[in-house]
Amino acid sequence: MNYDKLKNIFSNLFLMGDWDLLFEHPDYEVEINGLKLMVRDGVFTPDPSITYSAKQILDNLPDVRDKSVIDVGTGSGVIALYCASQGAKAVVATDISDKALSNARENLEDKVEVVKSDLFENVSGRFDYIVANLPILDEVWDIEQPTTSLMGRFLSQCPDHINPKGKLYFAWASFSDVEPIKGLCKTLKYDFKVTSEEKLGYTWHLFEVTF
């Protein structure tokens, strides 16, 4: 079966709530925003015919030329690869999954520093931009805490890793309530805005936080 037919099947099943397809898929090549990369079985796919979070982030990133960027929860490495291709002066990609790290290293080669880290645990320094495509729906991710708790931990750590006037970009979606995430940003007194788009039968929310 060719990849176009395969992705059509994936897309239809995803719309029916078969979330396992985000991870349980054969190894296949994905093209997104002009980049081609391999996504291995067991690694979250950024395929825009199945999920919109990665593409929404990429479509809304500012000019990263000569900027430092950290991609938290890099997965297959697509966001880090894009930033490197756009002339970022330094890019760090992190993930806690060994499968994701192996896949990211394959796609990123020597263009990006890849670090195994639980959020910022093994990261030092500050960045101009923090970008994160983290877990959204509890049922999809095999993690020890609810996705909203993970996001709360992540958001509270960002100020220690961002340069003055730096920005944070992260995604959310309507299959998980967005109001608690907005509430976290308000509690932390963050200056943020949310851009929402309707894609693939869901509403996708891009958060932009200015420090």
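The values are calculated or read from the model by the stated rules, or taken from the named source; none is laboratory data. All of these numbers come straight from a predicted model, not from anything done at the bench. A quick note on method: Cβ atoms are made from the backbone with ideal geometry, for glycine too, and the neighbour counts reach across all protein chains shown. Heavy atoms of the whole protein, side chains included, go into the accessibility calculation; ligands, DNA and RNA do not. Shrake-Rupley method; radii C 1.70, N 1.55, O 1.52, S 1.80 Å.
Side notes on the structure shown:
- Taking all protein chains as they are arranged and a probe of 1.4 Å, the heavy atoms of residue 79 leave approximately 10 Å² accessible to solvent.
- Accessible surface of the chain, 1.4 Å probe: 46 percent of it comes from carbon and sulfur atoms.
- Exposed loop sites here are trypsin sites (Lys or Arg not before Pro) assigned a DSSP state other than H, G, I, E or B and surrounded by at most 14 other beta carbons within 10 Å; excluding them, the longest clear run of the chain is 90-188.
- Environment charge at residue 72 (Cβ cut-off 15 Å; Lys +1, Arg +1, Asp -1, Glu -1): -3
- Point-to-point label distance, residue 194-residue 165, nm (Cα→Cβ direction, 7 Å offset): 2.9
- Environment charge at residue 210 (Cβ cut-off 14 Å; Lys +1, Arg +1, Asp -1, Glu -1): +1
- FRET efficiency, residue 174 to residue 60 (Cβ-Cβ, R0 30 Å, nearest 0.05): 0.95
- A 1.4 Å probe run over the protein chains yields, for the chain, 47 Å² of accessible area per residue, whole-number rounding.
- Over the chain, dividing the summed -39,500 (n - 2.57) contributions of all DSSP H runs of at least 4 residues by the number of residues returns a 222 nm mean residue ellipticity of -8500 deg cm²/dmol.
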